[in-house]
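Participant: Got a structure for you, questions after.
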Amino acid sequence: MKIAAYYPWVYLHGGPERTIAAILAHSRHEWTVLTNRYEPEATFPGLKSAGIIELPRVSVRRSFRDVSAAALRLALQKLPLEGHDALVVFCEGLGDLVLLRKGAIPAVCLCFTPLRAAFDAHYQREYLAHNTGRWWREPLLALYAAGFRAIDRRLWRRYDGIVAISGEVRRRIVEGRLASADVPVYYPGVDLPRFVPTGVYEPNFVIPGRIMWTKNLQLAIDAFRLFLARRPEHRAFTLTIAGYVDRKSESYYAMLRERASGVPQIRFVVAPADEELRTLCANAYATLYPPFNEDWGLVPLEAMALGKPVVAVNRGGPRESVVDGDTGYLVDPTPECFAAAIERLADDPALVRRLGARARARAAAFDWTAFCERLDTYLDVVVTRQADFSRARVPPDAAAQA
């Protein structure tokens, strides 16, 4: 079958982009990727050969004005879907708006999350805490969120199938009254053969991934400073934050650098090459994962595949991948709790190796090939069901004449 995939912004090293690359590599269907923002130099190199079709561009900024303009563009545009058997919307919120002009083609929602500003209370609280100084921001967010929820609930009725990437995402879907609890969960995964443990555990805690405010990186910085203050004998340990900074996150990155100033053990590696990042992660002591309410999280999976224990916030997607006390630790999102977990690992290298071995075995349960096969089969069922339904609606006389 020919499947059209739509994702508004393909310009980061993020979960949706990684999932697109995995689907293109493993699916038995033929895929066309449609987007309103494609920056090949800023995302995974493997997507360059995907033949991505870029539609009229929308901004990646997240101001109320820019988001409104992007939403209007998405709602009015008609996707080039001729010759395709189905449309898959990689949903993080605004992508749902393309359903207004999708035509008769069956549409499936691959939901990474409903729009977090409208459906995730943790996100709303953190957003307001991160953006202070404007009295009107909170009532305007409430107004926008309520309006979008009303529109989105109607749009979701146009989906012929829905898949969530985690139980956390399914919970948001159900609590947001977008769909019922029978939405299947297909976990994005890891190519295990590409992540081979080195057996090296340098005294370096690593945080790989995007450098943006939703990743809550200040928590890890504060925790690591507290760890060094409590345990000066562990000053040989370092913290490396390695990832990608897009334009809208530059001020956040500057704030992080200021927060880490005066502590030479904390360093930043911006826009690392794939091999550099892989080496950092493969030789790390452990991986820290501080996002306040992650949808799923590929970083913990890839770290575990490399035999590294993970310290993550006890909320959201990591609760479904990290096994507390067995493959790492799930802790409350406070510097004290994170510092205590870091200290426990720093004190016991043998524990780190034991947790790492179990983490590798845990990661093997999440595989890209299995994810893509399940998605392919789901699309087969949706397209066949839609075709049968369409044939059943044809009057007998019309069918005979055909």
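The values are calculated or read from the model by the stated rules, or taken from the named source; none is laboratory data. This one's a predicted model, so the numbers in the text were calculated from it and none came from an experiment. For neighbour counting, all protein chains shown are included, and Cβ atoms are generated from backbone atoms with ideal geometry for every residue, glycine included.
Participant: Residue under question is Thr32, and the condition is that it be buried (at least 23 other Cβ atoms within 10 Å of the Cβ), out of contact with any helix residue (DSSP H, G or I) (no Cβ under 6 Å at 6 or more places or on another chain) and either assigned by TED's automatic domain parsing to the domain that holds Leu81 or within 18 Å of Ile105 (Cβ to Cβ) (or both); does it hold?
Facilitator: Working: buried (at least 23 other Cβ atoms within 10 Å of the Cβ): no; out of contact with any helix residue (DSSP H, G or I) (no Cβ under 6 Å at 6 or more places or on another chain): yes; either assigned by TED's automatic domain parsing to the domain that holds Leu81 or within 18 Å of Ile105 (Cβ to Cβ) (or both): yes.
So Thr32 fails the test.
Participant: Residue under question is Leu110, and the condition is that it be buried (at least 16 other Cβ atoms within 10 Å of the Cβ), under 23 Å from the mean Cα position of the chain (by Cα), in contact (Cβ under 8 Å) with a residue 24 or more places away in the chain and within 20 Å of Trp31 (Cα to Cα); does it hold?
Facilitator: For Leu110, the condition - buried (at least 16 other Cβ atoms within 10 Å of the Cβ), under 23 Å from the mean Cα position of the chain (by Cα), in contact (Cβ under 8 Å) with a residue 24 or more places away in the chain and within 20 Å of Trp31 (Cα to Cα) - is met.
Participant: Name the one entry in Ala118, Ala142 that is surrounded by fewer than 17 Cβ atoms within 10 Å (Cβ to Cβ), in a helix (DSSP H, G or I) and among the hydrophobic types (A, V, I, L, M, F, W, C).
Facilitator: Ala142
Participant: Has the stretch 322-340 got any residue that is under 15 Å from Ile207 (Cα atoms) and β-branched (Val, Ile, Thr)?
Facilitator: No, the stretch 322-340 contains no residue that is under 15 Å from Ile207 (Cα atoms) and β-branched (Val, Ile, Thr).
Participant: On the given criteria, is Arg374 part of a helix (DSSP H, G or I), in contact (Cβ under 8 Å) with a residue 12 or more places away in the chain and outside the structural domain of Ala284 (by TED's automatic domain parsing)?
Facilitator: Yes.
Participant: Continuing with the same structure: Over 16 Å from Gly95 (Cα atoms), of a type in the set (Phe, Trp, Tyr), touching a Leu at 6+ places or on another chain (Cβ under 8 Å) and touching a residue at least 24 places away in the same chain (Cβ under 8 Å): which single residue out of Phe44, Phe64 fits that description?
Facilitator: That would be Phe64, the only listed residue that is over 16 Å from Gly95 (Cα atoms), of a type in the set (Phe, Trp, Tyr), touching a Leu at 6+ places or on another chain (Cβ under 8 Å) and touching a residue at least 24 places away in the same chain (Cβ under 8 Å).
Participant: Give me a count of the residues in the stretch 314-323 that are surrounded by fewer than 24 Cβ atoms within 10 Å (Cβ to Cβ) and either of a type in the set (A, V, I, L, M, F, W, C) or not assigned by TED's automatic domain parsing to the domain that holds Cys281 (or both).
Facilitator: 1
Participant: A further question follows. Looking at Arg125, Arg172, can you tell me which residue is farther than 30 Å from Ala350 by Cβ, at pLDDT below 95, within 22 Å of the chain's Cα centre (by Cα) and among the charged types (D, E, K, R)?
Facilitator: Answer to the check: Arg125.
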